[in-house]
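Let me begin by presenting the structure, written as structure tokens, before commenting on it.
The values are calculated or read from the model by the stated rules, or taken from the named source; none is laboratory data. Source: prediction; values computed, not measured. Cβ sites come from the backbone with ideal geometry, for glycine too, and all protein chains shown count toward neighbours.
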């Protein structure tokens, strides 16, 4: 589904990604872990197409197409979803208008007419249930005045509505208490299928108790320095990142 | 020097046609012309770039050889027919102004006894005793726009609400600019609210012909009596070739509450001046405005609020979106006199500027001679937030659509302060249509109006 080869990227002239290699297939869950500043969020931004980041080398092929050439909205239409570490507040744009715009943009891309009001409301109701999101948030501005947990649930709600092929969840666990974490992780697990894939970016092993990864990658200084199974995350939890730093420092 | 030329032609016109002007107006209106002529003096105008005229070039605006319909020759247009744009018919009481001639309120019977919503000229002839204490008493002839208006004005709108009378139905005044050649319309508006009187007025400025130069020269005087309540929504939907020079003067007595909202959706070159004065305690003013400027449009807002007595409250908010090569300017001054203790005054101007060639000038000013006040002012000029844009695009919303939503959202708070039933919703729709790039002419907004069962 996704093949990343020697991907390099910079922001403001500073190279952050220094040759990423990653392959994700349908049905898989990949965890990307690593210390602060290793490039985890940058990788998610580059894959989603944030114009502030400039890819400078390598490639990212998604379902046979060059991802790096696509506008962010086209990536979304093709099935990429980014769950933000810090969901953006948009005062003045209500959740319901935002979601209607998103749903109808996708339908327009697919050559379908806009969704009827009743179908849309039904869809919202159905998807809210995935993460137990309060209906009252629908009339509020996007993420404005949402609690930390509500923001993250809102991300998974949007993921549920858009039904992406590949979801990249950037530190979805940060700022969540254990109950919220359970709900969010539960939402992700409900949406998991043999046809889609998930990249979970996280700092801690904690989230991986709830979302079981098939592969764990360790990102350090812009490169994936180690790949393993779920055990690798446990090992990190036990030993910290220092041994990784030492190992890759010695390379 | 050319700088003397623009005004000169109108002074000469006045001298040559004074009888014609006077005979097509009322004695009370004519009586102020000599003072206006004297105030205009040699015909010098503030130059572009001078203090308070950062983006408005009065010389250039007045330079074209506009016609004036001094003889009040009937124009073969029925504004009630010509006008069918997507503006809310929120009122059953609608008046029309064709260029600068009042052509009648729709239904007199809707108004409570004693309320006058009529031609200013006719009112000045029929009820001079009502008009005399007010006409020309606030507007300052030292302001060249006011002096020129006073020199040439023949008609306009009078809204008179006697003591204790509440006009429940909102009033609507539709100004239509329609003439076969470039025209200057010289309009006057006089609003008098007695003690405890209440009224709300929506003024819609339209230009029917997009291919000709028009100038609307407007002077507004509003007297808000004790404990009165008045809302004025002033909506401009004109054309690129239309200029508008408007000077509004407001005086508020004790306990009065006034809302002024200047909404510029489509225009050419506009300068809106607001001069507001508190004459009695415990009065409240909401001074609002928004402008959407693109192409080479110009919008200039100049406001002065004078707290001469204590205990009054001002809340001022102006928001602009300036794109392409458009220029915007906001200059706002709030003055608090030495004795005006217990004043609260908030002023804000926020702007989104897109594109390298768009320009926005903002000059917020507080002038406070008193310690016992709560005042603040602020200005912000920025661009659309790139993270908000990116967030929306990751949800599949195209960049253009995302920008549209963000610009609409930017205007949301100023629109939400509209209290006229139906107007708020309609404005949200009009602003959406505006940002979508639809043009102001009726043909292009048929889609929007067809969704409105009232149209």
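Among residues belonging to segment A:201-214 that are at pLDDT 85 or above and outside any helix (DSSP H, G or I), point out the one that is nearest to residue A:241 (Cα to Cα).
In this case the residue turns out to be A:202.
Which of the helices (runs of 4 or more DSSP H) contained wholly in segment A:115-200 include at least 3 residues that are in contact with a strand residue (DSSP E or B) (Cβ under 7 Å, 6 or more places away or on another chain)?
Because the criterion is at least 3 residues that are in contact with a strand residue (DSSP E or B) (Cβ under 7 Å, 6 or more places away or on another chain), the helices (runs of 4 or more DSSP H) in segment A:115-200 that meet it are A:148-162.
Any residue in segment A:53-71 that is within 14 Å of chain B (Cβ to nearest Cβ) and under 27 Å from residue A:139 (Cβ atoms)?
no
In segment B:417-440, which residues are under 20 Å from the mean Cα position of the chain (by Cα) and either within 9 Å of chain A (Cβ to nearest Cβ) or under 13 Å from residue B:321 (Cα atoms) (or both)?
Scanning segment B:417-440 gives B:431, B:434.
Considering B:20, B:48, which residue is modelled with pLDDT of 95 or more and either over 22 Å from the mean Cα position of the chain (by Cα) or on the phi < 0 side of the Ramachandran plot (or both)?
Only one candidate passes the filter, namely B:20.
Quick one: would you say residue B:254 is at pLDDT 95 or above and outside any strand (DSSP E or B)?
Considered against the rule, which asks whether it is at pLDDT 95 or above and outside any strand (DSSP E or B), residue B:254 comes out as yes.
Of B:371, B:324, which residue is at pLDDT below 95, surrounded by fewer than 16 Cβ atoms within 10 Å (Cβ to Cβ) and more than 30 Å from residue A:105 (Cβ to Cβ)?
Details: B:324 fails: more than 30 Å from residue A:105 (Cβ to Cβ).
From the options B:371, B:324, the qualifying one is B:371.
Residue by residue, here is whether (1) modelled with pLDDT under 95; (2) in a loop (DSSP other than H, G, I, E, B); (3) farther than 17 Å from residue B:186 by Cα holds:
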{"site": "B:42", "(1), (2), (3)": "yes, yes, yes"}
{"site": "B:60", "(1), (2), (3)": "yes, no, yes"}
{"site": "B:75", "(1), (2), (3)": "yes, yes, no"}
{"site": "B:81", "(1), (2), (3)": "yes, no, yes"}
{"site": "B:94", "(1), (2), (3)": "yes, no, yes"}
{"site": "B:112", "(1), (2), (3)": "yes, yes, yes"}
{"site": "B:124", "(1), (2), (3)": "no, no, no"}
{"site": "B:135", "(1), (2), (3)": "no, yes, no"}
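Run down A:80, A:156 and say which single residue is at the interface with chain B (Cβ under 10 Å from one of its Cβ atoms), within 19 Å of residue A:187 (Cβ to Cβ) and buried (at least 21 other Cβ atoms within 10 Å of the Cβ).
Working: A:156 fails: at the interface with chain B (Cβ under 10 Å from one of its Cβ atoms).
Criteria check complete, one pass: A:80.
Looking only at residues in segment B:413-430 that are at pLDDT 90 or above and assigned to a helix (DSSP H, G or I), which one is surrounded by the most Cβ atoms within 10 Å (Cβ to Cβ)?
B:415
Scan segment A:28-49 and give yes if some residue there is without any contact (Cβ under 8 Å) to a residue 24 or more places away in the chain, within 14 Å of chain B (Cβ to nearest Cβ) and in a loop (DSSP other than H, G, I, E, B), otherwise no.
no
Looking at B:188, B:244, which one is touching a strand residue (DSSP E or B) at 6+ places or on another chain (Cβ under 9 Å), assigned to a strand (DSSP E or B), modelled with pLDDT of 95 or more and more than 26 Å from residue B:417 (Cβ to Cβ)?
Being touching a strand residue (DSSP E or B) at 6+ places or on another chain (Cβ under 9 Å), assigned to a strand (DSSP E or B), modelled with pLDDT of 95 or more and more than 26 Å from residue B:417 (Cβ to Cβ) holds for just one of B:188, B:244, which is B:188.
Could you say which residue among A:130, A:103, A:74 is surrounded by fewer than 19 Cβ atoms within 10 Å (Cβ to Cβ) and either at the interface with chain B (Cβ under 9 Å from one of its Cβ atoms) or in contact (Cβ under 8 Å) with a residue 12 or more places away in the chain (or both)?
Unique residue meeting the criteria: A:74.
Conditions tested, residue by residue: (1) in contact (Cβ under 8 Å) with a residue 40 or more places away in the chain; (2) within 28 Å of residue B:301 (Cβ to Cβ); (3) within 12 Å of chain A (Cβ to nearest Cβ); (4) not in a loop (DSSP other than H, G, I, E, B).
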position	(1), (2), (3), (4)
B:351	no, yes, no, yes
B:357	no, yes, no, no
B:361	yes, yes, no, yes
B:371	no, no, no, no
B:376	no, yes, no, yes
B:381	no, yes, no, yes
B:390	no, no, yes, yes
B:393	no, no, yes, yes
B:397	no, no, yes, no
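State whether the residues of segment A:83-91 include one that is at positive phi and within 14 Å of chain B (Cβ to nearest Cβ).
No, there is no match, as no residue in segment A:83-91 is at positive phi and within 14 Å of chain B (Cβ to nearest Cβ).
Are any residues in segment B:193-213 surrounded by 24 or more Cβ atoms within 10 Å (Cβ to Cβ) and over 16 Å from the mean Cα position of the chain (by Cα), and if so, which ones?
B:193, B:197, B:199 - these are the residues of segment B:193-213 that are surrounded by 24 or more Cβ atoms within 10 Å (Cβ to Cβ) and over 16 Å from the mean Cα position of the chain (by Cα).
Can you tell me which residue in segment A:106-117 is surrounded by the fewest Cβ atoms within 10 Å (Cβ to Cβ), limited to those that are more than 15 Å from residue A:164 (Cβ to Cβ) and touching a helix residue (DSSP H, G or I) at 6+ places or on another chain (Cβ under 8 Å)?
A:113
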